[in-house]
Amino acid sequence: MTRIGFRSAPATTADFAPLHAWLATDEDSPFRRALVLGRRDAAGIDVLQGRVLSRVDPVGGTSKRELSDDAEFFDAVTTVFGRNVDDLTPADRTALWARVLRAHEARAATQRA
C-alpha cells in the first residue's frame, strides 16, 4: 500500500479513503497498537503514549514519567487531557488498561532488542 504519493492533480477525500481505512482498522496500524493522547497549551505540549506521560516545555525541556498503575493513568487522561471517562464501565477500564500494558511491554521489548 502506498502511504505517500506525489502528483500534480489536487487530492480529493476519496484519495485518502484506503489509507484511512487501513490506519483505523488494521491490526498493524500504529494507531491500533498504542494509545496516544496529545494536548498543546500556551506553555508546551503534553503527550501520553501508553504508560509514558511527557511534557515538552520550550524553556524547561522535556520531562517524562512512567505511570505506575491504572488509577494514575486514568487520572492523567482526565486531568491533563480533559477527557471524560465516566462512560467507561469498570470492565472497559480494566480492558483498556490491559491493552495499554501489552502495548507498552511490546514497545519496550522492541527497544531492548
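Of all residues being among the charged types (D, E, K, R) and over 18 Å from the mean Cα position of the chain (by Cα) in region 7-36, which is nearest to Phe81 (Cα to Cα)? Just the residue, please. Give the steps one after another, and end with the answer.
Of all residues in region 7-36, those among the charged types (D, E, K, R) come to 7, 15, 26-28, 32-33.
This time we only want the ones that are over 18 Å from the mean Cα position of the chain (by Cα), so: 7, 15.
On the way: Arg7: 38, Asp15: 32 Å.
Ranking the candidates gives Asp15 first.
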Screening Leu53, Leu19, Leu48 for residues that are surrounded by 15 or more Cβ atoms within 10 Å (Cβ to Cβ), at pLDDT below 90, at negative phi and among the aliphatic types (A, V, I, L, M) leaves only Leu19
Taking Arg39 as meeting all but one of (1) more than 15 Å from His104 (Cα to Cα); (2) free of Cβ contacts under 8 Å to residues at least 12 places away in the same chain; (3) under 14 Å from the mean Cα position of the chain (by Cα), write down the number of the exception.
(2)
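Taking the stated definitions as given, is Arg99 assigned to a helix (DSSP H, G or I), in contact (Cβ under 8 Å) with a residue 40 or more places away in the chain and not acidic (Asp, Glu)? Outline the logic, then answer.
On the way: assigned to a helix (DSSP H, G or I): yes; in contact (Cβ under 8 Å) with a residue 40 or more places away in the chain: yes; not acidic (Asp, Glu): yes.
Here the answer is yes, as Arg99 does meet what is asked.
Just to be sure I understand, how many residues within region 64-87 are of a type outside the set (D, E, K, R), in a loop (DSSP other than H, G, I, E, B) and either out of contact with any helix residue (DSSP H, G or I) (no Cβ under 7 Å at 6 or more places or on another chain) or loosely packed, with under 10 Cβ neighbours inside 10 Å (or both)?
We begin by selecting, within region 64-87, every residue of a type outside the set (D, E, K, R); these are 67-68, 71, 73-74, 76-82, 84-85.
Okay, now just the ones that are also in a loop (DSSP other than H, G, I, E, B), so 67-68, 80-82, 84-85.
Among the residues that remain, those that are also either out of contact with any helix residue (DSSP H, G or I) (no Cβ under 7 Å at 6 or more places or on another chain) or loosely packed, with under 10 Cβ neighbours inside 10 Å (or both) are: 68, 80-82, 84.
Selection size over region 64-87: 5.
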Checking Ala9 against (1) at pLDDT below 85; (2) under 20 Å from Arg107 (Cβ atoms): exactly one of these is not met. Which one?
(2)
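The values are calculated or read from the model by the stated rules, or taken from the named source; none is laboratory data. Note that the structure is predicted; figures quoted are calculated from it, not measured. Note that each Cβ is placed from the backbone with ideal geometry, even for glycine, and that neighbours are counted across all protein chains shown.
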